[in-house]
Amino acid sequence: MLCATSRLLAARAAAASPAQPRARGPAPRCRRRELHFPGHPKLPLCGFLAGRLARLSVPTGRRAILRRGRMPPVVGGGSELRLRKGRCGPQVARALGPDVAAEAAARSPKRPAWGLRRFEAAGWWVSLALVTLLSFATRFHRLDEPRHVCWDETHFGKMGSYYINRTFFFDVHPPLGKMLIGLAGYLSGYDGTFMFQRPGDKYEQHNYMGMRRFCASLGSLLIPFAYLIVLELSKSLPAALLTAALLTFDTGCLTLSQYILLDPILMFFIMAAMLSMVKYNSCADRPFSAPWWFWLSLTGINLAGALGVKFVGLFIILQVGWNTISDLWHLFGDLSLSLVTMGKHLTARILCLIVLPLALYTATYAVHFMVLNKSGPGDGFFSSAFQARLAGNNLHNASIPEHLAYGSVITVKNLRMAIGYLHSHRHLYPEGIGARQQQVTTYLHKDYNNLWIIKKHNTNSDPLDPSFPVEFVRHGDIIRLEHKETSRNLHSHYHEAPLTRKHYQVTGYGINGTGDSNDFWRIEVVNRKFGNRIKVLRSRIRFIHLVTGCVLGSSGKILPKWGWEQVEVTCTPYLKETLNSIWNVEDHINPKLPNISLDVLQPSFPEILLESHMGNNGLKPNDNEFTSKPWHWPINYQGLRFSGINDTDFRVYLLGNPVVWWLNLLSIALYLLSGSIIAVAVQRGAHLPAEVEGLSEVLLRGGGQLLLGWVLHYFPFFLMGRVLYFHHYFPAMLFSSMLTGVLWDTLLRLCAWSLASFSLASSIHVLGVLSLVLGTAYSFYLFHPLAYGMVGPLAQDPRSPMAGLRWLESWDF
């Protein structure tokens, strides 16, 4: 009634008086209790509002509410905006007079009955149940096929087995996703004995379905999450249903959800964090209530989950951070809030969105290191002190001489993670790669070719001869390192390194320890004085080549097959201290020296946590894999083979539903255009009809949140130097699909409103949404063999089920 009253008053005033300039200043905020201005008596809200409406000096009640940041319902959403308590009618009637009030009441839309509102809410829940049921049905259909390892199952299934067997391993991603996969396998009866060696290996009797069901369950929940997010942002059931259809019928999301991968787990936490955030925003008018605390805390928990699966979870953290800063900024501008209340708001967000996620993220690593307590393939990625805590490692419960002496047999390990041990073997550098001498590399695993003997530079006598006294190696000594297996000395010269320009080549040279002056190195302990002894494991040392002045180090680059794909070792002329050029002595064998226990050297948990975050994330593509560029992804340019190549194989091909993906791309362009037009119109003070104003608010605010999510989850990949794959785009695709649902629902409502004078105008919105849903479903029917698998002729063959559907030459199915 209030809205109808304000419109009636505005119409009468416009007819009775000349146009007045629109007020520029902000309208005073309405309060539910009473308002008090200096020099005036206290006035209840409704009386104050009625008086102000009568003088037409503030915007209508609808605009005042919008300026307070409340999201208006869309056209056809079930009700008009109205004051929360609904008790303004009598005071408005008294202020305006019976005639005006009666006319306004006659024109005011009736408030929906309580039963109608309950029916509307029930419709939302029924729709959610149907969406969830369809999502699970599509994701669990033929989940057991193929019955062999597909694509990255070879990595993440194997890592799940490591957790079950408590075997330590190294991976570039945080541990939460792999721990959950291992837990799912353990609870479903998988014993961790399958090797997951290569794609195509048959599972046979091994119980792999528990891990697939777990990933499929989380992938299925993405669709109801998207439904609820769009429903909360737009208050439109058709927009939510359209979004759910786009994701349900996308072959790419379906494929990623059906295998033992990190992607469905990552996307689950991203969408859960987004849903928690928009729910918490909806509780902004009830700060510090139980729902407010619940959604705020759940947002922090999901942020920890997203970051704990992959580091790209940082992108949703940025989005929640931006939302939080914006929220606090608006609260700071509310002068009715005391500084104590502002402090409570700030403290709550620090606790729930910073402290809680950090505590949970740290806890995942604590569990990770507690569970993986046995030696495994990841030992060599970590420091020697860390390896001493792993059961089965040669350093576990070991005792070795404390100080380095001449004649000792040692291994030398680089301090940068994932570089490994100084290594050599009998193979020579190929023709044209520097001097044709013995290769020197670093190797990540324990091996006899990692052993070196430390000797004086100017003598060949055996220091282990009992007649010679023990002589310790000290900071600043000139030494030779002789390779134990081949008797060649560590050597460098002015030839260029194999891969790194302006670095010098490092080789093995000499016969039975006899070489030349290019075999001499000065050993230095970082931040120590000359003459100090060198401690095993604890001393951080560098090797300075005496002739060229360069520093022994590793570039971290992988050598070609002639170098057995080991890591390049160079001698760098740049003397800056970096982890690449700092080493420590790990194994130490010298029968003339007493031993000490290594238990005292085991690192603390903070040291282990810091070390685990200092590795590199350089990845290499596997054989027969297609890497891609970020600009390929939104246009669905190229897919990715999950299984099979030949017509006799069971083939699964990761490719998005082209109708969905190209509609999303079109929607982003349309949103930028329409959003820009509306934003400029509002900024210029254009008077928009109430219906258009409400829809514009939904488009700019709700759509803006989703566009920001797409930008944050997509554009950072342009800055990454690592290997990129098509599946990296799918978190961004979720946001673009939600934006598509909001955009087309809004545009169709605007079309229906603008054509209200035509008899079929009311059907435009329903028919438009229904056409999009049916078109998406039909395209899924055409392309579903890509996700569920196909056997038989390839797409080029007319007999193939995919014949005629290879719309782009780059689609290789």
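The values are calculated or read from the model by the stated rules, or taken from the named source; none is laboratory data. Quantities reported herein were computed from a predicted structural model and do not represent experimental measurements. Note that each Cβ is placed from the backbone with ideal geometry, even for glycine, and that neighbours are counted across all protein chains shown. Side chains are part of the model used for accessible areas, which takes the heavy atoms of the whole protein and leaves out ligands, DNA and RNA. Shrake-Rupley method; radii C 1.70, N 1.55, O 1.52, S 1.80 Å.
Cβ-Cβ below 8 Å, separation at least six or inter-chain, first residue in the range 791-804 and in the same structural domain as SER643 (by the TED database) and closer than 14 Å to THR648 by Cα, second open to solvent by less than 70 Å² (accessible area, probe 1.4 Å) and aromatic (Phe, Trp, Tyr): which pairs?
VAL791/PHE650; LEU794/PHE813; ALA795/TRP811; ALA795/PHE813
Please verify whether ARG474 is more than 29 Å from ILE596 (Cα to Cα) and open to solvent by 10 Å² or more (accessible area, probe 1.4 Å), treating the condition exactly as stated.
Answer is no for this residue.
Among the residues of the range 534-557 satisfying the criterion of being out of contact with any Phe, Trp or Tyr (no Cβ under 8 Å at 6 or more places or on another chain) and either exposed (fewer than 14 other Cβ atoms within 10 Å of the Cβ) or charged (D, E, K, R) (or both), which is modelled with the lowest pLDDT?
Result: ARG538.
Kindly provide the set of residues from the range 570-605 that are open to solvent by 50 Å² or more (accessible area, probe 1.4 Å), within 34 Å of the chain's Cα centre (by Cα) and of a type in the set (Ser, Thr, Tyr), ordered by number.
If the condition is that a residue be open to solvent by 50 Å² or more (accessible area, probe 1.4 Å), within 34 Å of the chain's Cα centre (by Cα) and of a type in the set (Ser, Thr, Tyr), then THR578, SER604 are the ones that fit.
Restricting the first residue to the range 685-697 and requiring it to be in a helix (DSSP H, G or I) and of a type in the set (D, E, K, R), which pairs with a second residue that is open to solvent by 30 Å² or more (accessible area, probe 1.4 Å) and at pLDDT 85 or above meet a Cβ separation below 6 Å and a spacing of at least six or different chains?
GLU691/TRP753
For the condition touching a Pro at 6+ places or on another chain (Cβ under 7 Å), modelled with pLDDT under 90, under 25 Å from LEU256 (Cβ atoms) and acidic (Asp, Glu), what is the one hit in ASP623, ASP647?
Result: ASP647 is the single residue among ASP623, ASP647 that is touching a Pro at 6+ places or on another chain (Cβ under 7 Å), modelled with pLDDT under 90, under 25 Å from LEU256 (Cβ atoms) and acidic (Asp, Glu).
How many residues are open to solvent by 50 Å² or more (accessible area, probe 1.4 Å) and more than 29 Å from the chain's Cα centre (by Cα) when one looks only at the range 770-807? Talk me through it step by step, then tell me what you get.
The first filter runs over the range 770-807 and keeps only residues open to solvent by 50 Å² or more (accessible area, probe 1.4 Å), leaving 770-771, 774, 778, 781, 784, 791, 794, 796, 798-799, 801, 804, 806-807.
Subsequent filtering for residues that are more than 29 Å from the chain's Cα centre (by Cα) retains 770-771, 774, 778, 781, 791, 794, 796, 798-799, 801, 804, 806-807.
Counting residues in the range 770-807 that are open to solvent by 50 Å² or more (accessible area, probe 1.4 Å) and more than 29 Å from the chain's Cα centre (by Cα) gives 14.
Can you find even one residue in the range 760-772 that is part of a loop (DSSP other than H, G, I, E, B), of a type in the set (S, T, N, Q) and either assigned by the TED database to the domain that holds LEU654 or touching a strand residue (DSSP E or B) at 6+ places or on another chain (Cβ under 6 Å) (or both)? Let's see the steps before the verdict.
Initially, the range 760-772 is screened for residues part of a loop (DSSP other than H, G, I, E, B), giving 760.
Still in the list and also of a type in the set (S, T, N, Q): none.
Within the range 760-772 (the criterion being part of a loop (DSSP other than H, G, I, E, B), of a type in the set (S, T, N, Q) and either assigned by the TED database to the domain that holds LEU654 or touching a strand residue (DSSP E or B) at 6+ places or on another chain (Cβ under 6 Å) (or both)), the answer is no, since none of the residues qualifies.
Quick test of your reading of the structure: SER757 fulfils all but one of (1) over 23 Å from ARG641 (Cβ atoms); (2) in a helix (DSSP H, G or I); (3) open to solvent by 20 Å² or more (accessible area, probe 1.4 Å). Name the failing condition by number.
(2)
Conditions first: (1) free of Cβ contacts under 8 Å to residues at least 40 places away in the same chain; (2) closer than 30 Å to ARG749 by Cβ; (3) surrounded by fewer than 20 Cβ atoms within 10 Å (Cβ to Cβ). GLY721 passes all but one, so which condition is the exception?
(2)
Name the single residue, out of those in the range 355-383 being part of a loop (DSSP other than H, G, I, E, B) and either within 30 Å of ARG522 (Cα to Cα) or among the hydroxyl-bearing types (Ser, Thr, Tyr) (or both), that is nearest to the chain's Cα centre (by Cα).
Out of the qualifying residues, it is PHE382.
Regarding the range 396-403, can at least one residue be identified that is open to solvent by less than 10 Å² (accessible area, probe 1.4 Å) and in contact with a strand residue (DSSP E or B) (Cβ under 6 Å, 6 or more places away or on another chain)?
Yes, the range 396-403 contains a residue that is open to solvent by less than 10 Å² (accessible area, probe 1.4 Å) and in contact with a strand residue (DSSP E or B) (Cβ under 6 Å, 6 or more places away or on another chain).
Report the residue count in the range 643-669 for those that are within 27 Å of the chain's Cα centre (by Cα), open to solvent by 40 Å² or more (accessible area, probe 1.4 Å) and of a type in the set (A, V, I, L, M). Let's see the steps before the verdict.
If we filter the range 643-669 for residues that are within 27 Å of the chain's Cα centre (by Cα), which is where we start, we get 643, 652-669.
Going one step further and asking which of them are open to solvent by 40 Å² or more (accessible area, probe 1.4 Å), we end up with 659, 662, 665-666, 669.
From what is left, the residues that are of a type in the set (A, V, I, L, M) are 659, 665-666, 669.
Qualifying residue count, the range 643-669: 4.
Which numbered condition trips up PHE386, out of (1) part of a helix (DSSP H, G or I); (2) open to solvent by 20 Å² or more (accessible area, probe 1.4 Å)?
(2)
Looking at ILE544, ILE523, can you tell me which residue is among the β-branched types (Val, Ile, Thr), in contact with a Gly (Cβ under 8 Å, 6 or more places away or on another chain) and free of Cβ contacts under 8 Å to residues at least 60 places away in the same chain? Before the answer, list the steps.
Working: ILE544 fails: in contact with a Gly (Cβ under 8 Å, 6 or more places away or on another chain).
After applying the criteria, what remains is ILE523.
Out of LEU490, LEU444, which single residue is closer than 19 Å to PHE543 by Cβ, in contact with a helix residue (DSSP H, G or I) (Cβ under 9 Å, 6 or more places away or on another chain) and not acidic (Asp, Glu)?
After ruling out the rest, the residue left standing is LEU490.
Residues that are surrounded by 14 or more Cβ atoms within 10 Å (Cβ to Cβ), small (Gly, Ala, Ser), within 40 Å of the chain's Cα centre (by Cα) and not in a loop (DSSP other than H, G, I, E, B): does the range 500-521 have at least one?
No, the conditions are met nowhere in the range 500-521.
Looking at the range 478-496 only, could you name the residues that are small (Gly, Ala, Ser) and crowded, with 19+ Cβ neighbours inside 10 Å? Show your work before the answer.
Residues of the range 478-496 that are small (Gly, Ala, Ser), as a first pass: 487, 492.
If the condition is that a residue be small (Gly, Ala, Ser) and crowded, with 19+ Cβ neighbours inside 10 Å, then SER492 is the only one that fits.
Residue by residue through the range 786-811, note down the ones that are closer than 14 Å to GLY639 by Cβ and part of a helix (DSSP H, G or I).
Residues satisfying the conditions are LEU786, ALA787.
Name every residue in the range 185-220 that is of a type in the set (A, V, I, L, M, F, W, C) and crowded, with 20+ Cβ neighbours inside 10 Å, in order of residue number.
PHE194, PHE196, MET211, PHE214, CYS215, ALA216, LEU218 - these are the residues of the range 185-220 that are of a type in the set (A, V, I, L, M, F, W, C) and crowded, with 20+ Cβ neighbours inside 10 Å.
Please specify each residue of the range 674-684 satisfying the condition of being in a helix (DSSP H, G or I) and farther than 30 Å from ILE317 by Cβ.
Once the filter is applied, which keeps residues that are in a helix (DSSP H, G or I) and farther than 30 Å from ILE317 by Cβ, the range 674-684 yields ILE677, VAL680, ALA681, VAL682, GLN683.
Quick check, is GLY407 in contact (Cβ under 8 Å) with a residue 60 or more places away in the chain, under 26 Å from LEU499 (Cβ atoms) and touching a Pro at 6+ places or on another chain (Cβ under 7 Å)?
Answer is no for this residue.
If you check every pair at least six apart or on different chains, which have Cβ atoms under 9 Å apart with a residue in the range 747-773 that is without any contact (Cβ under 8 Å) to a residue 40 or more places away in the chain and within 26 Å of ILE668 (Cβ to Cβ) first and a residue that is assigned to a loop (DSSP other than H, G, I, E, B) and open to solvent by 80 Å² or more (accessible area, probe 1.4 Å) second?
ILE764/PHE758; LEU767/LEU760
Would a scan of the range 416-430 turn up a residue that is touching a His at 6+ places or on another chain (Cβ under 9 Å), hydrophobic (A, V, I, L, M, F, W, C) and either outside the structural domain of VAL547 (by the TED database) or closer than 21 Å to GLY513 by Cβ (or both)?
no
If you check VAL723 against the conditions, is it assigned to a loop (DSSP other than H, G, I, E, B) and closer than 30 Å to GLY252 by Cα?
Taking the combined requirement at face value, the residue satisfies it.
Filter the range 404-442 down to residues that are among the hydrophobic types (A, V, I, L, M, F, W, C) and surrounded by 22 or more Cβ atoms within 10 Å (Cβ to Cβ) and give me whichever is modelled with the lowest pLDDT. Explain how you work it out, then say what you get.
Filtering the range 404-442 down to residues among the hydrophobic types (A, V, I, L, M, F, W, C) leaves 404-405, 409-410, 412, 415, 417-419, 422, 428, 433, 435, 440.
Now narrow it down to the ones that are surrounded by 22 or more Cβ atoms within 10 Å (Cβ to Cβ): 404, 410, 412, 419, 422, 440.
Details: LEU404: 92, ILE410: 95, VAL412: 94, ILE419: 87, LEU422: 96, VAL440: 96.
The extreme case among them is ILE419.
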